[in-house]
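Everything on this sheet refers to the single structure shown next.
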Amino acid sequence: MKSTKAKVLIFTDWYLPGYKAGGPIRSCANLVHLLGDEIDFKVVCLDHDYLETEPYANVLPNKWINVGKADVWYISSDRLLQSTMKEIMLDLSDYQVYINGVFSKYFSVTPLIKANKLGRKITVAPRGMLAEGALSIKPQKKKAFLNLAKFLGLYRRVRFHATNADEANQIKKEIARKADIQVIPNLPSIPGKEAQRIEKHENSLKIISVARIAREKNTAFALECFRNIDSKFHVEINFVGTVYDSEYFSECKIIADTLPANVAVTFSGAMPSDSIAGLFAEAHLFFLPTLGENYGHAIIESLLNGLPVLISDKTPWKNLQNDGLGVEMPLSEPSGFVNYISQIAAMSQADYDLKFSNLSEKAASRVHLKENIEAYKLLFQ
């Protein structure tokens with residue numbers, strides 16, 4: 001009997017077991033995990049992680065292998081060719097194409113061109129790459145491509161997947177005012193049983209920040225917030241994430257080295273998501289004063305694991321204080337971040353429990369998981 005499952009061929013630079021690219025990997029992995037029983041997913045990606053050149057250990061390249069609920073084709077460097085992408089699409093003639101990104105030569109541009117020529121159904125997920133901040137990096141090259149793509153009509157048949165209203169507006173601004181856009185939030189990683197959190201002592205605070213060490217994540221700003229923390233507070237902060245910019249990392253280390261003695265800073269590097277879940281239980285607060293997030297996987301995963309957040313107001317997560325989930329603040333008021341950190345540091349266990357009671361349940365009510373899963377099914381019909 002012929003399968004009635006939707007068939008979706010995903011092109012993305014990085015996929016599992018990679019983790020160093022952060023959000024883009026989580027977005028695809030969560031999509032596959034939560035819908036893979038009802039949709040036939042195949043994923044085409046590089047055979048190595050973000051900012052790495054060594055292939056994944058124990059992964060056979062250039063053939064389909066099963067990974068979780070998808071079949072994955074890991075392309076080796078010597079086979080990273082436009083012709084490879086075309087061959088894969090020709091072999092999978094009944095698969096629609098889902099492109100995870102905009103500007104990648106082999107995983108965004110080439111599949112877009114080839115899928116257009118083959119008349120496939122195409123969905124493009126920009127993943128924040130059309131945001132003003134993202135376009136400010138190599139702006140001439142990106143604008144030139146977008147203008148050429150529009151001139152050639154490459155997006156004329158495309159349906160766009162935006163994860164929020166802001167991204168939908170970015171697509172309208174940069175691609176076409178009348179673009180076909182479906183707004184569906186990303187799907188978060190659903191944690192298992194919530195781990196026992198470390199005890200909260202008065203005047204003591206453990207903080208975790210999960211993000212690349214990069215200017216757009218505002219790591220230096222985060223560190224500077226601790227310069228004015230009262231000496232009666234003992235604060236530990238653990239930065240977990242890939243070093244994207246070594247020069248910027250050097251700037252951050254200089255700041256860390258000059259902070260007061262009551263502030264301890266650790267840079268732990270990138271970690272797989274299953275390891276990070278355990279770290280949430282070893283902290284009292286998640287901190288990310290980011291310059292902008294398309295979604296913020298680490299933010300919602302922190303909340304779903306019962307950990308309150310202190311973030312900037314440049315993410316989709318709003319009105320956190322109303323629901324007892326933490327707070328979002330404008331970057332123009334750094335003293336607000338310092339005051340909130342001090343407020344949480346001063347708390348006893350009883351105060352902390354009272355302020356953040358039932359946090360993971362409250363966070364789960366914001367995710368609308370069932371509704372969003374149904375929306376993805378419709379997207380791929």
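Taking the listed residues R197, R215, R177, the one that is at pLDDT below 95, assigned by TED's automatic domain parsing to the domain that holds N372 and either buried (at least 19 other Cβ atoms within 10 Å of the Cβ) or basic (K, R) (or both) is R177, with no other qualifying. Each residue in region 260-274 was checked for being assigned to a loop (DSSP other than H, G, I, E, B), out of contact with any strand residue (DSSP E or B) (no Cβ under 9 Å at 6 or more places or on another chain) and modelled with pLDDT under 95, and 1 of them qualify. Which residues, taken from region 83-92, are more than 27 Å from the chain's Cα centre (by Cα) and either without any contact (Cβ under 8 Å) to a residue 24 or more places away in the chain or farther than 23 Å from D37 by Cα (or both)? Across region 83-92, the qualifying residues are S83, T84, K86, E87, L90, D91. Of all positions in region 278-301, at least one carries a residue that is in a helix (DSSP H, G or I), hydrophobic (A, V, I, L, M, F, W, C) and more than 15 Å from the chain's Cα centre (by Cα).
Is there a residue in region 250-270 that is under 17 Å from the mean Cα position of the chain (by Cα) and either within 30 Å of D166 (Cα to Cα) or surrounded by 22 or more Cβ atoms within 10 Å (Cβ to Cβ) (or both)?
So the first thing to find is which residues in region 250-270 are under 17 Å from the mean Cα position of the chain (by Cα), and the list is 269-270.
With the extra rule that they be either within 30 Å of D166 (Cα to Cα) or surrounded by 22 or more Cβ atoms within 10 Å (Cβ to Cβ) (or both), the set shrinks to 270.
So far as region 250-270 goes, yes, one or more of its residues are under 17 Å from the mean Cα position of the chain (by Cα) and either within 30 Å of D166 (Cα to Cα) or surrounded by 22 or more Cβ atoms within 10 Å (Cβ to Cβ) (or both).
Return yes or no: is A125 farther than 18 Å from P111 by Cβ, in contact (Cβ under 8 Å) with a residue 12 or more places away in the chain and crowded, with 18+ Cβ neighbours inside 10 Å? So A125 does not fit the description; no. Considering only region 154-162, I want to know if a residue exists there that is out of contact with any helix residue (DSSP H, G or I) (no Cβ under 8 Å at 6 or more places or on another chain) and assigned by TED's automatic domain parsing to the domain that holds V32. Checking region 154-162: at least one residue is out of contact with any helix residue (DSSP H, G or I) (no Cβ under 8 Å at 6 or more places or on another chain) and assigned by TED's automatic domain parsing to the domain that holds V32. The combined condition, being crowded, with 19+ Cβ neighbours inside 10 Å, in contact with a helix residue (DSSP H, G or I) (Cβ under 7 Å, 6 or more places away or on another chain) and at pLDDT 95 or above, is fulfilled by K114.
Within the set Y74, Y95, the sole residue that is aromatic (F, W, Y), touching a residue at least 24 places away in the same chain (Cβ under 8 Å) and out of contact with any Cys (no Cβ under 9 Å at 6 or more places or on another chain) turns out to be Y95.
Criterion applied to I25, I75 was being closer than 30 Å to A214 by Cα, of a type in the set (A, V, I, L, M, F, W, C) and either in contact with a strand residue (DSSP E or B) (Cβ under 8 Å, 6 or more places away or on another chain) or not assigned by TED's automatic domain parsing to the domain that holds K143 (or both), and the one residue passing it is I75. Does region 208-251 hold any residues that are over 21 Å from G133 (Cβ atoms) and among the hydroxyl-bearing types (S, T, Y), and which are they? Those that are over 21 Å from G133 (Cβ atoms) and among the hydroxyl-bearing types (S, T, Y): S231, S250.
Out of all the residues in region 259-276, which are touching a residue at least 12 places away in the same chain (Cβ under 8 Å) and among the polar types (S, T, N, Q)? Once the filter is applied, which keeps residues that are touching a residue at least 12 places away in the same chain (Cβ under 8 Å) and among the polar types (S, T, N, Q), region 259-276 yields N262, T266, S268, S273. Just checking, does region 220-229 include any residue being small (G, A, S), outside any strand (DSSP E or B), within 22 Å of the chain's Cα centre (by Cα) and within 15 Å of T290 (Cβ to Cβ)? Yes: one or more hits.
The values are calculated or read from the model by the stated rules, or taken from the named source; none is laboratory data. On a predicted model such as this, the values are computed, not experimentally measured, just so you know. Backbone-built Cβ (ideal geometry, glycine too); neighbour counts: all protein chains shown.
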